[in-house]
1. Please list, by residue number, everything in the range 118-146 whose backbone N is under 18 Å from a paramagnetic label point 7 Å out along Cα→Cβ of residue 41.
2. Of all trypsin sites (Lys or Arg not before Pro) in the range 102-142, which ones are in loop regions per DSSP and have a Cβ with at most 15 other Cβ atoms within 10 Å?
3. Using each residue's phi in the range 71-80, evaluate 6.51 cos²θ - 1.76 cosθ + 1.60 at θ = phi - 60° and report the 3J(HN,Hα) Karplus result to the nearest Hz, with x for Gly and Pro.
4. Does the range 37-178 come out rounded, prolate or oblate by the C-alpha gyration tensor, with a ≥ b ≥ c the root eigenvalues, rounded set by a/c under 1.5 and, if not, prolate when a/b is larger than b/c and oblate if not?
5. Check cross-link reach from residue 131 to the aspartates and glutamates: straight Cα distance under 18 Å, and skip same-chain residues fewer than eight apart.
6. Please list, by residue number, everything in the range 113-157 whose backbone N is under 15 Å from a paramagnetic label point 7 Å out along Cα→Cβ of residue 166.
7. So which of 93/127; 58/93; 93/133; 133/153; 93/153; 141/172 end up more than 19 Å apart, counting from Cα to Cα?
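What follows draws every value from the coordinates through simple rules; no lab data is involved. Here the structure is a predicted model, which is why all the values come from computation and not from measurement. Because the Cβ atoms are built from the backbone with ideal geometry, glycine has one as well, and the counts that use them run over all protein chains shown.
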Amino acid sequence: MTAKLFIPMLVAITIVLASPDNASAQLGGLFGGGPKVETIETAALVKMLGDQRKAEAKAKESGSRVPQADFVVVDVRSDAEVNVSVIPGAITKAQFEKNRTQYAGRLVIPYCTVGGRSGAYAKQLAKDGLKVKNYQGSILKWVDAGLPLVTMKGEPTNRVHTYSDRYRVPSKYEQVTK
């Protein structure tokens, strides 16, 4: 076995042995097979969310029906994480799963902290035949771009749950790990 393969395997084994409950959260779909899932970049997601907000504002202004987005952003992090903040317009995995038929035919864009858990969930959704793109880099890429966060009630916040203190966020954000 080459060092290129041995070191990542050793890291993965160490994570699993040290914290088996959190191993799948951090490793995501790293070793899993399944369908290949496309990713979406921050700029593309920002554009989609912005276009939807503009369309909604225009509809409200003119008194016409508010158009339904052709996508849904799903935060797959734990309750502790989403209770700190989410990307504006996102729903939780629990909300998505509870109302899955409501989102039929839409592009599903899951995210987490860095993209591992959302990548695993994206593969699961793809296996189920849904259109899906993983937001690789997830909330850490979002805050690296200096973008806004909100609470689950929609209130602006600068707090971001990073799952672990090994991650760094820009100084305008307050990092939460517990």
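1. What the label zone holds, given the 18 Å backbone N cut-off, is 133-146.
2. In loop regions of the range 102-142 (DSSP not H, G, I, E or B), the sparsely surrounded trypsin sites (Lys or Arg not before Pro) are 106, 131.
3. Those phi angles translate into 8, 9, 9, 10, 8, 9, 6, 5, 4, 4 Hz.
4. On the way: a/c = 1.77, a/b = 1.22, b/c = 1.45.
It comes out oblate by the Cα gyration axes.
5. Counting by Cα, and skipping residues close in sequence, residue 131 has these aspartates and glutamates nearby: 38, 41, 70, 75, 97.
6. 113-117
7. Details: 93/127 17 Å; 58/93 29 Å; 93/133 15 Å; 133/153 25 Å; 93/153 16 Å; 141/172 14 Å.
Listed pairs above 19 Å: 58/93; 133/153.
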